[in-house]
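Working notes for the structure below.
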There are 2 protein chains.
Amino acid sequence: MNSSLFSPPTPGQAWALQCTAFDTPRSDALRVQVDALVVVSSTGVIESVIARDDPRWAGERARHAATGQLRELPEGSYLLPGLIDVHVHAPQWPQMGKALDVPLADWLQRNTFPLEARYGDEAFAESVYRPLVRHLLANGTTTAMYFGTLHDGGNRVLAEQCLRQGQRALVGRVAMDEPSQCPEFYRDASAQAAIEGTEAFIGTLAGLPGNAGGLVLPVITPRFIPSCTDALLEGLGALAQRTGVHVQTHCSESDWAHQHVLERTGMTDAHALHRFGLLTRRTVVAHANFLTPEDVALMAEVGASVAHCPLSNFYFANSVFPARSGHARHMGMGLGSDISGGYSPSMFDACRHAITASYALDEGVDPDLPSAQRGRHDARIDHVFALWLATAAGGAALDLPIGRIEAGQHFDAIVVDCHAPDSNICIWPGSDSPADVLQKIIYNATRANVAQTWVQGALVHCRGAVLSNLS
Amino acid sequence: MNSSLFSPPTPGQAWALQCTAFDTPRSDALRVQVDALVVVSSTGVIESVIARDDPRWAGERARHAATGQLRELPEGSYLLPGLIDVHVHAPQWPQMGKALDVPLADWLQRNTFPLEARYGDEAFAESVYRPLVRHLLANGTTTAMYFGTLHDGGNRVLAEQCLRQGQRALVGRVAMDEPSQCPEFYRDASAQAAIEGTEAFIGTLAGLPGNAGGLVLPVITPRFIPSCTDALLEGLGALAQRTGVHVQTHCSESDWAHQHVLERTGMTDAHALHRFGLLTRRTVVAHANFLTPEDVALMAEVGASVAHCPLSNFYFANSVFPARSGHARHMGMGLGSDISGGYSPSMFDACRHAITASYALDEGVDPDLPSAQRGRHDARIDHVFALWLATAAGGAALDLPIGRIEAGQHFDAIVVDCHAPDSNICIWPGSDSPADVLQKIIYNATRANVAQTWVQGALVHCRGAVLSNLS
């Protein structure tokens, strides 16, 4: 951060940002607010977004300039909603981009479980979670929904890092007690122990210094049905119903998992989760590739959402999640990196993979099949849908006022600098409209373009100086 | 470039680089040369690569140190072969990442052809081609095989930019004369005019100041069979046979194109190209999704290669190219970005998309199909295969001594810095082997990690200072 070039607004006071902002109030609607004034309250909430041709614009601008609380984005920089990653396995950060060439069983038993088992050591946890949060903020992820581990201490360290570095987060104490699916060195001793551990962690977060505003929220987190006994799932369901806290788990991800649950419970994952009390308005189920039409209807009725993880779909899910048809049937969804089942921490990458996955589904992939047998059509999403998934849809899935640039939302936002030194976003001023610029951002933005990251009105990452004090 | 920290070796003298180098002599073989000495001749050719445990290592190191011609990569930086992009539409650079949400016909007729038609204006050509070459070098692309336009002047400007900035390149004068497929404002007046234009451009390149070493080579470039008359294809085939210069075109990319050629010529693209004399050891055909087994056998026999463009496959090809089975049947291939049918200029992105495409082919994508009807299996490639595609395979496809770090190859290489400020490559020294590091590089490297780019022994891009003078 080049502090000599950057002058943040005085904390605790309202301020205004003059900028061109992009957001997606709907999956098919890109909103471009050119040279608007985004007024942010002293508590980090967007008070108003005043359009350039609004009669109040000049006065509001002058008022903030007079108090030194006006900032302006330079040409080539744009405001976007902060990116929302609804599925991250925090303890898997050290193996991101590694061991993706081994079979799933090996990946879990030889790589992942032994790694996750190490987070009883809080020093190790801190050595991982501090850079994890820093890297995600640098990639523009303002909110992350995390799977932690079984360890109260390690999970607390993760929550503390989010608070310290200013990332909005939902942190889950993983619960898994089924001996046939979980290794002895990494499983809950009993259903009761896992339920009590989960309840204790909810208390830990509530009492965490600095968390009075609820920046970090707890999540009830059965790993997935195969790794949990019925007693555990019932107990966690009762806890979810009683406390109203968020729930996350995996659901119908692969042929194996889907079939396993069918055989064990006599019903699909979604219906089983519902029976256990785990499907609520604040539930996010990861992957959900193999949902039946009845599952989708149930999810939509309950208001539960899917964490669509397109990249890891290709690697682990035997298929890709049909996002467009799920949305058409009113099911909620957000976008997930699925670190480290997905190798990339960038939600821009996740946007691009969501588009790619939808095209693969739409067109099919195998050239040896006749054209008529390839693809399912009407499955494509575009870059606007993808940005919506990573922002507004994620906010709705989490039941939080984030993901859009409008009054009443938290000021969780990123500044994308198309002129950054390592930028692959190449704008041609004469021929690129603002909508073209946004499309080029979605297709080529990387971490190098994320100049600033803001959460709840606070600057939490700054790549360089892009704001100029106009006062 | 922070020149105060960087001290390049004296030009015109041999020098040595002490480094850990990764390359892929075969599709299934990662070679890791830890702390090796790469000795580069005064003409930019690798003289030898001396292993750390070779008795000559210490002496050679001392000899170069004594003359000030020893450099060393710091911890966290690695030498890789320069990335080879065998399919780039240079004039489409301004629309990269744009208009990907419109139908193909609109994309071609409303966006692409009108844009390509502008390159008769050499000033415009320079305004595009200068940043194009600069951006590709910054992304680590040391060799690019370019489609230009119909304009001798514009194509010369592209070749001049490659020479000036030091990028190895193959530049094609596009030929297209079929009135039913090409708009009046952008097509050759006749087959004869296109053939003469192509021959003239071969001469232009041969006479270009600074090109005596052949850094930039000409390519005979019929756009694809549908846009060319038989007379044009025959004439260009004769020119290819007579001159031995490279050939590039598109081949069996989509259902439409494949079917169109079948109906017009009574044979597949590959066989038609062969009949026209256009299939040679130095031919690269883009996409080639719908090759028949007989096509693959013909390609392998002739020694022609495929430019695999996995990203644009998803968008435009109605399927993905089965790279692994093509390789198993001894067909040559390289990797292409297909700018701007592909939105990314990064060959690391192309590597990742090649892996994703192969997984999609292997597993299938549609969850509504029964498992047994999804996927074709044995289609997966891994990160080693992907790097091989982008380096050694590309060099072989182009019939040039590039793509590996070994004696006799040109020193076309990149330095990947895992500790770059915007790096998403997260290495854990205690648990990541060199092979793990390479996997993490392939999965998360971006332009921000490309610290240096070298072509023929010359430093042509430097992001920061990573070499230290040990003398």
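Sorted from shortest, what are the nm distances separating the label point of B:S433 from equivalent points in the other copies, each placed 7 Å from Cα along Cα to C-beta?
Those label-point separations list as 5.4 nm.
By what distance, in whole Å, do the Cα atoms of the protein assembly as shown stretch along each of the three principal axes, largest value first?
Principal axes ranked by extent give 82, 73, 60 Å for the Cα atoms.
With labels modelled as points extended 7 Å from the Cα through the Cβ direction, what inter-label distance (nm, one decimal) is found for A:A29 paired with B:A297?
It works out to 5.9 nm between the two label points.
Residues of A:321-328, mean number of Cβ from any other protein chain within 10 Å of their own Cβ, rounded to a whole number?
1
Lysines within cross-link reach of A:K98: Cα-Cα under 17 Å, excluding same-chain residues under 8 positions apart?
Partners within reach: B:K440.
Using θ = phi - 60° and the Karplus form 6.51 cos²θ - 1.76 cosθ + 1.60, what ³J(HN,Hα) does each residue of the range B:211-217 get, whole Hz, x for Gly and Pro?
9, 4, x, x, 5, 10, 10
Between A:R134 and A:T67, what is the label-to-label distance in nm when each label sits 7 Å out along the Cα-to-Cβ direction?
3.5 nm
Quick one: net charge of A:C182's neighbours, Cβ under 9 Å, K/R +1, D/E -1?
The answer is -2.
To the nearest 10 degrees, how steep is helix B:293-302 against the longest Cα principal axis of chain B, on a 0 to 90 scale?
On a 0 to 90 degree scale, this one is about 60.
In square angstrom, what is the accessible area per residue of chain A with a 1.4 angstrom probe?
Ligands and nucleic acids excluded, the result is 32 Å² per residue.
Within 10 Å, count the other beta carbons around each residue, average over each peptide in A:108-115, B:91-98, and list them highest first.
Ranking, from highest mean packing down: B:91-98, A:108-115.
At 7 angstrom along the Cα-to-beta-carbon line, where would the label on A:F113 sit relative to the other copies? Give the distances in nm, shortest first.
For A:F113, the other copies' label points sit at 6.1 nm, shortest first.
Which value, in square angstrom to the nearest 100, describes the accessible area buried between chains A and B on both sides, using a 1.4 angstrom probe?
Values: alone 17630 and 17620 Å², together 29920 Å².
Its buried surface, counting both partners, is about 5300 Å².
What is the mean number of Cβ atoms from other protein chains located within 10 Å of the Cβ atom of each residue in peptide B:352-364, rounded to a whole number?
6
Quick one: which bits of the range A:401-434 get at least 40 Å² less accessible when the partner protein chains are in, versus the chain alone, with a 1.4 Å probe?
Hits at the 40 Å² cut-off: A:D422, A:N424, A:C426, A:W428.
From zero outward in steps of 10 Å, how is the percent of C-alpha pairs of chain A spread across the bins?
4, 21, 31, 25, 13, 5, 1
Rounded to whole Hz and in sequence order, give me ³J(HN,Hα) for the range A:113-123 from the Karplus expression 6.51 cos²θ - 1.76 cosθ + 1.60, θ = phi - 60°, writing x for Gly and Pro.
4, x, 5, 5, 5, 7, 7, x, 7, 5, 5
Under the Kirkwood approximation for Rh and a Cα-based Rg, what ratio Rg/Rh is obtained for the range B:173-229?
A ratio of 1.08.
For peptide B:133-144, what's the mean number of Cβ atoms from other chains within 10 Å of each residue's Cβ?
1
Hey, any idea what % of the range B:1-119's accessible area is carbon plus sulfur with a 1.4 Å probe? Display every interim value, and only then the final one.
On the way: 2450 of 4730 Å².
That share works out to 52 percent.
For A:D399, place a label point 7 Å from Cα along the Cα-to-Cβ direction in every copy; what are the distances to the other copies, in nm, shortest first?
Here the equivalent label points are 6.7 nm apart from this one.
Place a point 7 Å from the Cα of A:Q373 along the Cα-to-Cβ direction; which residues of the range B:231-270 have their backbone N under 12 Å from it?
Answer for this model: none.
Rounded to the nearest whole Å³, what is the per residue volume of the convex hull around the Cα atoms of the range B:190-329? Walk me through the numbers before you get to the answer.
Working: hull volume 16.6 nm³, N = 140.
Value for the range B:190-329: 119 Å³ per residue.
Once you keep just the Cα pairs under 8 angstrom separated by 6 or more residues, what percentage relative contact order results for chain A? Don't skip to the end; give the middle numbers.
Details: 1103 pairs, mean separation 103.2, N = 471.
Value for chain A: 22 percent.
For A:A407 and A:L104 in one chain, what is 0.36 nm times their gap in residues minus the Cα-Cα distance, to one decimal in nm?
104.6 nm
Using the Cα atoms of the range A:20-113 to build a convex hull, what is its mean projected area in square nanometres?
The number I arrive at for the range A:20-113 is 10.5 nm².
The values are calculated or read from the model by the stated rules, or taken from the named source; none is laboratory data. As the structure is a prediction and not an experimental result, all values here were calculated from the model. Please note: Cβ atoms are built from the backbone with ideal geometry, for glycine as well, and neighbour counts cover all protein chains shown. When the accessible area is computed, the model is the full protein with side chains, heavy atoms only, and any ligands, DNA or RNA have been set aside. Shrake-Rupley method; radii C 1.70, N 1.55, O 1.52, S 1.80 Å.
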